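Participant: Below is a structure I'd like to ask you about.
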Amino acid sequence: MSVNPLKCSSIFFDFTKEKLSQNWQFFINNCAVQIVQKTKLLGLWITNDLKWSHSIQLMISKASRRFFLIRKLKSFGFSYNETILAYKTFIRPIVEFASVCWGPSIPKTLINNLAKFELRVLSIICNKHISVSKYTQTLSDLHLESLQARRHNQLIKFGLNLLKSKRFEHFLPEYEPPPQRLLRNSRSKLFLLSAVRSNKTNR
């Protein structure tokens, strides 16, 4: 199978002060491969600065374009439960796509952007403006988890499944027990905490 260089692209992750990658170029069959600043990989946008801002903003924009679904349902007289189900089914999965990849490493700015998006959804569902002070209470009243809490729970679930998986357990480093705590006495000698405790017990 031959590779078509016109359908290929290269992206450089260069964090050096000299920006050495400015002079880099890849060739396939004497044809230069296009250099890009961002590329889409399995549904996620990867940028050359290794930040998730671009990908998350696209998710928010795409999900926001589906707000009309909730507005239409409410105009037709659908109940709270039905509009919430529509949100869970057609809107929320967009902003949670592959969250185990980007969720643990996004800055507070992006966390706030996702929370603002969620406030907009709650305001449409409740048909009134929901302020930040009523954010948590509104989620509780509608029996919804916040996006941040769901990302955290999904990450824990993913980690536990990975630990139990016989197929992917080799992806994880071997377990190393934590180092024993050390104590320093008046003569600047180090003693193991376990040894100190055993000595006290023997006395």
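The values are calculated or read from the model by the stated rules, or taken from the named source; none is laboratory data. Quick caveat: nothing in here was measured; it's all calculated off a predicted structure. Cβ placement follows ideal geometry from the backbone for every residue including glycine, while neighbour counts extend to all protein chains displayed.
Participant: If I ask for residues that are surrounded by 14 or more Cβ atoms within 10 Å (Cβ to Cβ) and aromatic (Phe, Trp, Tyr), which ones from the stretch 1-39 would you list?
Facilitator: Passing the criteria: Phe12, Phe26.
Table: residues versus (1) in contact with a Leu (Cβ under 6 Å, 6 or more places away or on another chain); (2) at pLDDT below 75; (3) surrounded by 10 or more Cβ atoms within 10 Å (Cβ to Cβ); (4) under 30 Å from Cys101 (Cβ atoms).
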| site | (1), (2), (3), (4) |
| --- | --- |
| Gly159 | no, no, yes, yes |
| Phe171 | no, no, no, yes |
| Ser188 | no, yes, no, no |
| Thr201 | no, yes, no, no |
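Participant: Quick check, is Ser55 among the hydroxyl-bearing types (Ser, Thr, Tyr), surrounded by 15 or more Cβ atoms within 10 Å (Cβ to Cβ) and touching a Leu at 6+ places or on another chain (Cβ under 6 Å)?
Facilitator: yes
Participant: Being out of contact with any helix residue (DSSP H, G or I) (no Cβ under 8 Å at 6 or more places or on another chain) and not in a helix (DSSP H, G or I) is the filter here, so list the residues in the stretch 144-173 that pass it.
Facilitator: Answer for the stretch 144-173, where residues must be out of contact with any helix residue (DSSP H, G or I) (no Cβ under 8 Å at 6 or more places or on another chain) and not in a helix (DSSP H, G or I): Ser165, Lys166, Arg167, Pro173.
Participant: Among the listed residues Leu50, Leu69, Leu42, which satisfies the condition of being modelled with pLDDT under 95 and surrounded by 15 or more Cβ atoms within 10 Å (Cβ to Cβ)? Walk me through how you get there before you give the answer.
Facilitator: On the way: Leu50 fails: surrounded by 15 or more Cβ atoms within 10 Å (Cβ to Cβ); Leu42 fails: surrounded by 15 or more Cβ atoms within 10 Å (Cβ to Cβ).
From the options Leu50, Leu69, Leu42, the qualifying one is Leu69.
Participant: Let me ask something else about it. Could you tell me whether any residue of the stretch 141-152 is acidic (Asp, Glu), over 20 Å from the mean Cα position of the chain (by Cα) and exposed (fewer than 11 other Cβ atoms within 10 Å of the Cβ)?
Facilitator: Within the stretch 141-152 (the criterion being acidic (Asp, Glu), over 20 Å from the mean Cα position of the chain (by Cα) and exposed (fewer than 11 other Cβ atoms within 10 Å of the Cβ)), the answer is no, since none of the residues qualifies.
Residues checked against (1) outside the structural domain of Leu119 (by TED's automatic domain parsing); (2) hydrophobic (A, V, I, L, M, F, W, C); (3) in contact with a Cys (Cβ under 6 Å, 6 or more places away or on another chain):
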position	(1), (2), (3)
Tyr135	no, no, no
Leu147	no, yes, no
Arg151	no, no, no
Ile156	no, yes, no
Leu162	no, yes, no
Arg167	no, no, no
Glu176	yes, no, no
